[in-house]
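The values are calculated or read from the model by the stated rules, or taken from the named source; none is laboratory data. Just so it is clear, the structure is predicted and the values come from calculations on it, not from any experiment. Neighbour counts run over all protein chains shown; Cβ positions are idealised from the backbone, glycine included. Areas reflect the complete protein model, heavy atoms only, side chains present, ligands, DNA and RNA absent. Shrake-Rupley method; radii C 1.70, N 1.55, O 1.52, S 1.80 Å.
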Amino acid sequence: MIFALTLLDWQARAPGLSDDAQWHHWAHHAQPIDPAAPQAKLTALPMMTARRLSSGSKLAVECGLSMLNKHAIDAVLYTSRHGELERNYRILHALATEQAVSPTDFALSVHNSAVGNLTIAAQQPIVSSSLAAGKDTFQQGLCEVISLLQAGYQRVLMVDFDGTLPAFYKDDVPASMPGWAYACAMVFAAGNALTCTTRPGGSQAENPLPQSLTFLRHYLNNDPEFAIDGEVARWCWSRA
């Protein structure tokens with residue numbers, strides 16, 4: 001598989017990282033992300049909406065709103081490996097212990113909750129969808145972005161995110177799997193600035209960074225070529 005696109009703009013949030021200068025410093029110095037670092041204060045997301053959202057969805061909607069305020073977006077794609085795992089754990093725990101299920105948890109437990117809240121908060125009836133594809137969620141999301149661009153949409157916003165991994169699951173997932181909340185928003189257009197080619201390889205091992213943040217690190221470092229390991233293939237990138 002070979003595809004190409006152009007990245008117009010980006011914004012990301014993770015523990016201890018929010019503005020462009022912090023992200024560039026993180027990328028250039030290959031710093032790890034400190035899960036104990038605080039998340040920056042939200043500025044675009046209305047407070048009443050923020051109170052209802054899970055840790056990852058807050059960041060995803062915050063970044064999405066910022067991009068919608070800056071660009072004329074035609075379509076939105078939200079990608080998340082685990083979706084509303086925090087809420088679903090609380091629902092399952094309540095059922096297992098015979099407690100009442102929170103109506104808010106129930107209403108916002110679906111995978112497209114974050115992108116739905118984005119369109120509501122932005123008051124824009126924009127074309128939107130959600131996607132999950134395991135370890136390769138970000139890369140498969142870009143394949144969906146290509147489909148949207150080829151369908152005629154001019155500016156596509158993609159937001160990759162996940163929330164805090166509940167402690168209940170930590171003994172059953174690889175220790176290297178990121179368990180902190182983050183969001184990475186990118187605005188794409190048709191073009192040849194970035195080209196991706198899949199090659200045999202890949203790895204079942206977990207990376208210490210989500211694919212989107214691995215991509216962002218290479219992008220901010222202006223690396224002419226780099227590769228991201230997927231489950232069954234390597235996603236090899238080059239810049240024009």
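Conditions (1) in contact with a Ser or Thr (Cβ under 6 Å, 6 or more places away or on another chain); (2) closer than 20 Å to Ala114 by Cβ; (3) of a type in the set (S, T, N, Q), marked per residue:
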{"residue": "Gln140", "(1), (2), (3)": "no, yes, yes"}
{"residue": "Val145", "(1), (2), (3)": "no, yes, no"}
{"residue": "Leu148", "(1), (2), (3)": "no, yes, no"}
{"residue": "Val156", "(1), (2), (3)": "no, yes, no"}
{"residue": "Asp160", "(1), (2), (3)": "yes, yes, no"}
{"residue": "Gly163", "(1), (2), (3)": "yes, yes, no"}
{"residue": "Ala167", "(1), (2), (3)": "no, no, no"}
{"residue": "Lys170", "(1), (2), (3)": "no, no, no"}
{"residue": "Ser176", "(1), (2), (3)": "no, no, yes"}
Determine the pairs where a residue that is touching a residue at least 24 places away in the same chain (Cβ under 8 Å), located within the stretch 105-124, has a partner that is open to solvent by less than 20 Å² (accessible area, probe 1.4 Å) and aromatic (Phe, Trp, Tyr) with Cβ atoms under 8 Å apart, the partner being 6 or more residues away or on another chain. Asn112/Tyr78; Ala114/Tyr78; Ala114/Phe161; Val115/Tyr78; Leu118/Tyr78
Residues of the stretch 1-17 that turn out to be under 23 Å from Leu220 (Cβ atoms), part of a loop (DSSP other than H, G, I, E, B) and open to solvent by 30 Å² or more (accessible area, probe 1.4 Å), as a count: 1
With in contact with a His (Cβ under 9 Å, 6 or more places away or on another chain) and among the charged types (D, E, K, R) as the only criterion, which of Glu84, Glu62, Glu144, Glu98 stands out? Glu84
Go through the stretch 32-134 and tell me which helices (runs of 4 or more DSSP H), entirely inside it, have 2 or more residues that are open to solvent by 40 Å² or more (accessible area, probe 1.4 Å). 47-52, 55-70, 85-96, 103-107
So which residues in the stretch 172-224 are farther than 26 Å from Lys58 by Cβ, in a loop (DSSP other than H, G, I, E, B) and in contact (Cβ under 8 Å) with a residue 24 or more places away in the chain? Gly201, Gly202, Ser203, Gln204, Ala205, Asn221
Options Met48, Met67; residue that is more than 20 Å from Gly179 (Cα to Cα) and either among the basic types (Lys, Arg) or within 18 Å of the chain's Cα centre (by Cα) (or both): Met67
Among Pro200, Pro224, which is the only one that is open to solvent by 50 Å² or more (accessible area, probe 1.4 Å), farther than 22 Å from Pro174 by Cβ and modelled with pLDDT of 95 or more? Pro224
